[in-house]
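Below: one structure, written as structure tokens.
The values are calculated or read from the model by the stated rules, or taken from the named source; none is laboratory data. Because the structure is predicted, anything quoted here is derived from the model rather than measured. All Cβ positions, even for glycine, are placed from backbone atoms using ideal geometry, and neighbour counts span all protein chains on display.
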Amino acid sequence: SRGRAGFSLLEVLVALAVLAIALPILLRTVGRSLSLAAEARFLATAAPLAQERLRERSLPGRPLAEGGEGRFAAPFAAYAWRIERERRPMEGLLPAGVELWRETVEVWDERRPGQRYRVERFLLERGW
């Protein structure tokens with residue numbers, strides 16, 4: 001005699017149980033991968049923009065302003081930046097007339113609040 005074609009109820013229930021266990025794990029993994037990919041894209045854009053802003057401030061003949069903020073030009077118009085500059089107290093540790101400054105550059109994508117890239121550097125400058 002021939003067996004009946006198709007699946008038994010038990011086989012279907014086992015398949016559904018496996019799917020119920022595996023599907024949330026798979027969806028969580030895919031979601032995390034998409035989140036990491038978006039973060040990587042942000043960092044790949046924000047890091048060079050921050051370095052460019054620091055490089056522009058380091059050009060010879062350009063006075064260093066106290067700080068500032070603004071937006072980048074196209075095609076990065078969605079990215080904004082802020083520079084803060086503060087003198088660090090180092091009396092007695094540096095030669096007379098030399099000051100230590102901390103400069104912080106922060107870059108963010110205004111379309112994605114909460115994602116920020118920050119670079120800090122320390123500069124020794126002659127006080128005037």
statement: Among the residues of region 74-115, the number that are under 17 Å from the mean Cα position of the chain (by Cα) and in contact (Cβ under 8 Å) with a residue 24 or more places away in the chain is 16
field: Segments classed as strands (runs of 3 or more DSSP E), wholly inside region 44-109, with at least 2 members that are among the aromatic types (F, W, Y), in contact with a helix residue (DSSP H, G or I) (Cβ under 7 Å, 6 or more places away or on another chain) and under 21 Å from L124 (Cβ atoms)
entry: none
- line: Selection from region 70-119 of residues out of contact with any strand residue (DSSP E or B) (no Cβ under 8 Å at 6 or more places or on another chain) and on the phi > 0 side of the Ramachandran plot yields G92, G114
message: Given the criterion at pLDDT 95 or above and closer than 21 Å to R112 by Cα, identify the matching residue among L43, L34.
response: L43
- line: Scanning region 60-88 for residues that are at pLDDT 80 or above and loosely packed, with under 10 Cβ neighbours inside 10 Å gives A73, A74, P75
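Can you pull out every residue in region 90-118 that is of a type outside the set (D, E), at pLDDT below 90 and either within 30 Å of A40 (Cα to Cα) or surrounded by 10 or more Cβ atoms within 10 Å (Cβ to Cβ) (or both)?
Within region 90-118, M90, L94, V98, L100, W101, R112, P113, G114 meet the criteria.
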task: Would you be able to tell me the number of residues in region 1-59 that are surrounded by 11 or more Cβ atoms within 10 Å (Cβ to Cβ), acidic (D, E) and more than 15 Å from the chain's Cα centre (by Cα)?
output: 1
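Name the single residue that is farthest from A44 (Cα to Cα) among those in region 119-128 being part of a strand (DSSP E or B) and without any contact (Cβ under 8 Å) to a residue 60 or more places away in the chain.
Step one: list which residues in region 119-128 are part of a strand (DSSP E or B), which gives 119-126.
With the extra rule that they be without any contact (Cβ under 8 Å) to a residue 60 or more places away in the chain, the set shrinks to 120, 122-124, 126.
On the way: E120: 18, F122: 23, L123: 25, L124: 29, R126: 35 Å.
Within region 119-128, the match that is farthest from A44 (Cα to Cα) is R126.
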